[in-house]
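**Q** One structure follows; several queries about it will come next.
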Amino acid sequence: MAGRIPQSFIDELLARVDVIDVVDSRVKLKKTGKNYSACCPFHNENTPSFTVSPDKQFYYCFGCGATGSALKFVMEFDGLSFPDAVDKLAAQVGVEVPREQNSLEARQQQEHQPLYERLQDASQYYQQMLRQHPERQRAIDYLQQRGLSGKAAKFFGIGYAPPGWDNLLQALVSDDKERQRQLISNGMLIEKEDGRCYDRFRDRIMFPIRDQRGRTIAFGGRVLGDEKPKYLNSPETPVFQKNRELYGLFEARKIRQKLTRFVIVEGYMDVVALAEYGIHYAVATLGTATSEHHLLRLFRIVPEVIFCFDGDDAGRNAAARAMETVLPVLEGGRQARFLFLPDGDDPDTLVRREGKEAFEQRLNASDHLPEFLFKHLKQQVDFDTMDGKARFDQLAAPLIARLPQGALRDLMKQQLVKETGVASHALEKIEQQMAEQPEPVHAPEPDYVDHAAMPSEPPAMSRPNDVGARYALCSLLLQPSLADGLELPDVDAESEYERLLIEVIRKLQQAPQHNSIGVIIQWTGSPYQQELKTLAEQAAQQQHIASASSIEHALQKMDTRRLDAEWQQLQARLRAGESFSEQDKQRLRELSKQRHQRHRKRTAIYQR
């Protein structure tokens with residue numbers, strides 16, 4: 001069901017479930033002091049570094065950094081989307097999940113639901129035809145020749161569109177004009193100029209394309225006869241956008257195993273064949289190049305993506321384009337690798353000939369992005385000449401500049417210097433231009449969080465005046481109840497951390513039942529989520545002591561800045577000999593008195 005899940009319900013749900021029960025039902029926990037521990041389910045280890053806190057109601061792994069609430073654990077361990085994880089936890093405690101819809105969402109839901117229903121009808125029809133149609137043997141023979149079992153065909157919902165122009169039309173429409181309109185809207189029927197319709201897919205093996213909730217949203221069809229094209233996809237519709245969906249992603253997450261990487265392949269049969277051999281982490285784009293949206297979806301689930309291409313020039317050029325797309329999203333330990341297949345092979349033929357172990361050895365030996373980048377660029381220049389090295393620098397600089405700030409970018413800059421023997425003036429120039437005209441980063445917002453009052457850009461680099469605000473945020477994350485009774489200053493924040501501090505306090509005062517994870521969840525999908533998560537981890541690891549005085553001092557500092565500015569303005573007018581009204585004089589006296597009182601209060605805070 002579509003619609004926004006109210007934050008108040010998420011808070012209530014987290015208050016009703018116990019993270020210990022949720023984790024222990026999936027990973028056996030052992031009590032260690034006041035916390036519980038286990039070997040981390042999200043990375044391989046022999047010594048337990050995974051800790052679950054019943055007091056703070058969150059888990060944290062000191063080995064891989066995995067952290068979150070009971071809700072986040074269900075999402076990660078069970079491979080569920082946020083709405084599905086909420087549904088699962090809600091069912092566990094016996095409550096129904098409310099959904100909020102505005103008029104537009106409600107209208108779209110009403111319009112789209114029949115399209116989903118007709119697509120599901122079509123999927124069931126095609127699967128039935130694979131079992132019952134008189135000409136089904138041609139389709140079965142083809143699938144068996146490609147090494148597919150009946151189990152794999154059933155798991156992926158593979159079906160058969162028999163030859164003929166109106167099989168689906170007759171099966172699903174009959175004389176129902178409304179159903180006919182729906183099947184035209186979702187791309188299953190094509191309407192001619194005279195108003196008559198015919199089936200889009202004929203004499204093809206049918207692959208249903210499913211969204212993250214498992215709903216059929218489109219189809220891909222592989223021809224059995226001589227009709228062109230060989231592969232045919234559904235057109236874009238109100239429920240299907242090619243550059244946002246990935247074939248096999250739903251199926252990969254449906255397998256209850258911890259995903260650590262995805263391999264991006266070219267076609268449906270590659271995905272299905274790899275799954276047949278036990279490689280359940282392959283996905284395919286739908287006739288489009290891999291987009292940044294595709295990559296962000298994958299990187300939210302796994303830290304590593306492997307691109308799989310043909311080893312010819314066309315494949316390497318496609319890899320170069322994929323490299324440019326992935327560079328801006330390689331942050332927070334994300335990795336991209338590139339596998340080039342032997343001539344004449346695709347993943348389907350290769351895994352059938354060599355088997356799972358050999359194919360995974362190829363994946364493990366694939367080129368890391370830095371290795372591929374430098375290797376690819378060297379092939380375009382004469383690297384034995386000074387001119388060639390200068391050209392190499394010119395080619396590499398804009399690519400490295402696309403990387404987010406961080407360790408990978410710094411290491412690649414160092415490697416560029418090693419390769420050429422000189423500092424990269426081209427890269428320095430690009431970075432200077434970027435610093436002068438920074439591009440704001442806007443994270444996509446999920447449909448369950450209201451960021452209306454939230455800053456839209458990521459925090460700037462920490463400055464000295466951020467220290468107090470950061471310390472105050474740590475205190476609030478450890479003890480959210482400290483927000484009770486705080487008076488927010490009527491002043492513009494001077495730094496991003498001050499802005500974040502004010503927003504955290506405001507949200508905590510609106511929802512005082514929040515725990516620390518509840519605070520972080522408020523910023524899910526925003527640029528501030530990682531910053532809050534990092535602060536919470538640092539506070540826990542460094543045994544930060546929650547301090548009300550640290551919060552009061554940070555707010556006091558902001559308010560004092562406002563008073564000082566007004567006081568200095570009035571003093572400047574006085575020194576300049578400007579006329580002062582009685583009201584101005586009274587205000588100056590009040591400000592001087594307040595400054596004195598603030599100073600005394602601040603001194604008292606530090607003496608606590």
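Values in this text are rule-based calculations from the coordinates and carry no lab data. Remember, predicted model here, so these are calculated numbers, not experimental data. Because the Cβ atoms are built from the backbone with ideal geometry, glycine has one as well, and the counts that use them run over all protein chains shown.
**Q** Which stretch or stretches of the range 52-70 have amide N atoms under 18 Å from the point lying 7 Å from Arg26's Cα along the Cα→Cβ direction?
**A** 52-54, 57-70
**Q** Continuing with the same structure: Taking θ as phi - 60°, what are the ³J(HN,Hα) couplings along the range 206-215 by the Karplus curve (6.51, -1.76, 1.60), each to the nearest whole Hz, with x for Gly and Pro?
**A** 10, 10, x, 9, 10, 7, 5, 9, x, 7
**Q** Please tell me which of these pairs span more than 32 angstrom C-alpha to C-alpha: Lys34/Lys72; Lys507/Lys585; Lys30/Lys258; Lys56/Lys258; Lys72/Lys413?
**A** Details: Lys34/Lys72 22 Å; Lys507/Lys585 38 Å; Lys30/Lys258 21 Å; Lys56/Lys258 25 Å; Lys72/Lys413 36 Å.
Checking Cα-Cα distances, Lys507/Lys585; Lys72/Lys413 exceed 32 Å.
**Q** Now, a different point. Set the Förster distance to 30 Å, then compute FRET efficiency between Glu117 and Lys228 from the Cβ-Cβ distance, nearest 0.05.
**A** Calculated transfer efficiency: 0.45.
**Q** With just the Cα atoms defining each centre, how far is the range 188-213 from the range 218-244? Give it in Å.
**A** Cα centres, the range 188-213 to the range 218-244: 8 Å.
**Q** I need Glu428, Glu531 ordered by Cβ neighbour count within 10 Å, fewest first.
**A** Glu428, Glu531
**Q** For the range 116-141 and the range 385-418, what is the separation of their Cα centres, given in Å?
**A** 53 Å
**Q** Which GluC sites (Glu not before Pro) in the range 27-104 sit in a loop by DSSP (not H, G, I, E or B) and have at most 11 other Cβ atoms within 10 Å of their own Cβ?
**A** Glu96
**Q** Another question about this same structure. Quick check: Cα centre of the range 41-101 to Cα centre of the range 279-334, how many Å?
**A** Here the two parts' Cα centres lie 27 Å apart.
**Q** Please state the equivalent ellipsoid semi-axes for the range 7-93: what are the square roots of 5 times the Cα gyration tensor eigenvalues, largest first, in whole Å?
**A** In descending order the semi-axes read 22, 14, 10 Å.
**Q** Okay, moving on. For the range 191-245, what is the per residue volume of the convex hull drawn over the alpha-carbon atoms, in cubic angstrom?
**A** 106 Å³
**Q** Compute the Kirkwood hydrodynamic radius of the range 249-375, taking the inverse of the mean of 1/r over all pairs of distinct Cα atoms, and give it in Å to one decimal.
**A** Final number for the Kirkwood radius of the range 249-375 is 14.6 Å.
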